[in-house]
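What follows is a set of notes on a single structure, which appears directly below.
The values are calculated or read from the model by the stated rules, or taken from the named source; none is laboratory data. Everything numeric in this text was worked out from a predicted model, so none of it was measured. Cβ sites come from the backbone with ideal geometry, for glycine too, and all protein chains shown count toward neighbours.
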Amino acid sequence: MRIILLTLCVWLCQASTEELKNCQRPSLHNGFLVPRQDAYNHGTKVSYGCNSGLKPVVETWWGELLCGNGEWSHTPHCVSMSDCIAPVVPHATPKPSQVSYPVNSTVTFVCDKGYEFEKKELRQVVCENGEWGPLPTCNRNKNACDAPSHVPNALITQPYRDTFEEGETIEYRCKEGYKFEGKGTSTCEKSKWDHTPKCESDVPSGPGPSHALCGDYPTIEHGDVTEDRDRRVLKVQCAALYKLEGPKEVRCVNRKWSDLPVCKAPCRLDQSKFQYRQREYMQHGEQDWFFCLSSPSYVQVKCDNGRALYRGCGDRDW
Ligand SMILES: *[C@@H]1O[C@H](CO)[C@@H](O)[C@H](O)[C@H]1NC(C)=O
């Protein structure tokens, strides 16, 4: 038994380190790397400095890079002392979007959809001698809507978001074999969706003969239940980004529905912890790691039914 385990470990442990790639020496003009090598192993930290009169494009006067599976935590650059580094404002995008900005240049912020400026006059900021003027704040508009709730047998023809702005209209599509009863769109009005479309089956509805003994279809939060073609089993599907846990199919056995699955919620990631903007959502049970904004190290993130847990960058949620 021990030999088997050892063999398994040798094989697995090799596999896991082989998968992690080295990094090539990054190119850097007007600066220097310590230590200077042609290639660096995964997990290696490299410091870099800039020639006099210049500074690295990070918050500090020297920079540290981290090699993570073939990629550097950021691209080192040396810029003039009077240049500014990219400003970070939660729920906003700077235009134009650059790594650094020359002195006296102006950046205009745009709040994400459903967010608005606390003070509109701060929307434009100027780079003055290496520092940005006061940065704006984007707050969620009180009339913004949450993601629309799940509609059985339908999907929405645009990517998932958890905030929509007032006046935004979303379009639904029915699954094959289903059609709208009424209109297929919904508009966000005063933080509420004005309409919940309904997709009705083209074929006769109600439980099929084999299900009649169990009564109405079971309800599954954030999921929908459809009868398969020969009307023997119910199939369960979760809303976009929700993760199904449990059996995918439900049957009527002895006048009772068999065990039901659950749809577990996705997590929204807190972008302010990361060095670069990452994907916004992670599915339940998923794990990933990212580079920290505050220090040259990693943060491990996992999603537990709507709650994002962080380990690294100063957090220890588990
Ligand atoms: C930036 O603006 C200041 C004040 O208006 C001016 O004195 C300076 O020459 C400008 N610098 C550059 C590089 O344009």
Would you confirm, using the coordinates I've provided, whether residue 19 is out of contact with any Gly (no Cβ under 7 Å at 6 or more places or on another chain), more than 26 Å from residue 126 (Cβ to Cβ) and modelled with pLDDT under 80? yes
Just to be sure before I move on: is residue 162 of a type outside the set (S, T, N, Q), out of contact with any Lys or Arg (no Cβ under 8 Å at 6 or more places or on another chain) and touching a residue at least 12 places away in the same chain (Cβ under 8 Å) in the structure I sent? no
Among the residues listed as 176, 131, 166, the single one being under 23 Å from the mean Cα position of the chain (by Cα) and acidic (Asp, Glu): 166
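From the list 219, 226, which residue is free of Cβ contacts under 8 Å to residues at least 24 places away in the same chain, closer than 12 Å to residue 152 by Cα and of a type outside the set (A, V, I, L, M)? Can you show your working first?
Working: 226 fails: free of Cβ contacts under 8 Å to residues at least 24 places away in the same chain.
One residue alone meets the criteria, 219.
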List the residue pairs whose Cβ atoms are under 9 Å apart, where the first residue sits in the stretch 101-120 and is under 16 Å from residue 88 (Cβ atoms), the second is within 16 Å of the ligand (Cβ to nearest atom) and part of a loop (DSSP other than H, G, I, E, B), and the two are 6 or more positions apart or on different chains. 101/83
Applying the selection to the stretch 32-67, what residues are surrounded by 19 or more Cβ atoms within 10 Å (Cβ to Cβ) and small (Gly, Ala, Ser)? 63
Scan (1) within 21 Å of residue 266 (Cβ to Cβ); (2) free of Cβ contacts under 8 Å to residues at least 60 places away in the same chain for the single condition residue 183 breaks and write down its number. (1)
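Could you look through the stretch 139-159, keep only residues that are assigned to a strand (DSSP E or B) and touching a residue at least 60 places away in the same chain (Cβ under 8 Å), and pick out the one that is nearest to the ligand (Cβ to nearest atom)?
Going through the qualifying residues, I end up with 156.
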State whether the residues of the stretch 267-289 include one that is more than 30 Å from residue 300 (Cβ to Cβ) and surrounded by 14 or more Cβ atoms within 10 Å (Cβ to Cβ). no
Run down 68, 63 and say which single residue is without any contact (Cβ under 8 Å) to a residue 24 or more places away in the chain, touching a Cys at 6+ places or on another chain (Cβ under 9 Å) and at negative phi. 63
Which numbered condition residue 221 fails, given (1) in a strand (DSSP E or B); (2) surrounded by fewer than 18 Cβ atoms within 10 Å (Cβ to Cβ): (1)
How about the stretch 248-266: which of its residues are among the basic types (Lys, Arg), part of a strand (DSSP E or B) and surrounded by 14 or more Cβ atoms within 10 Å (Cβ to Cβ)? 264
Across the stretch 202-221, which residue is nearest to the chain's Cα centre (by Cα) among those that are at pLDDT below 80 and of a type in the set (Ser, Thr, Tyr)? 205
Grab the strands (runs of 3 or more DSSP E) fully contained in the stretch 63-138, keeping just those with 3 or more residues being farther than 30 Å from residue 38 by Cβ and more than 16 Å from the ligand (Cβ to nearest atom). 92-95, 106-111, 115-117
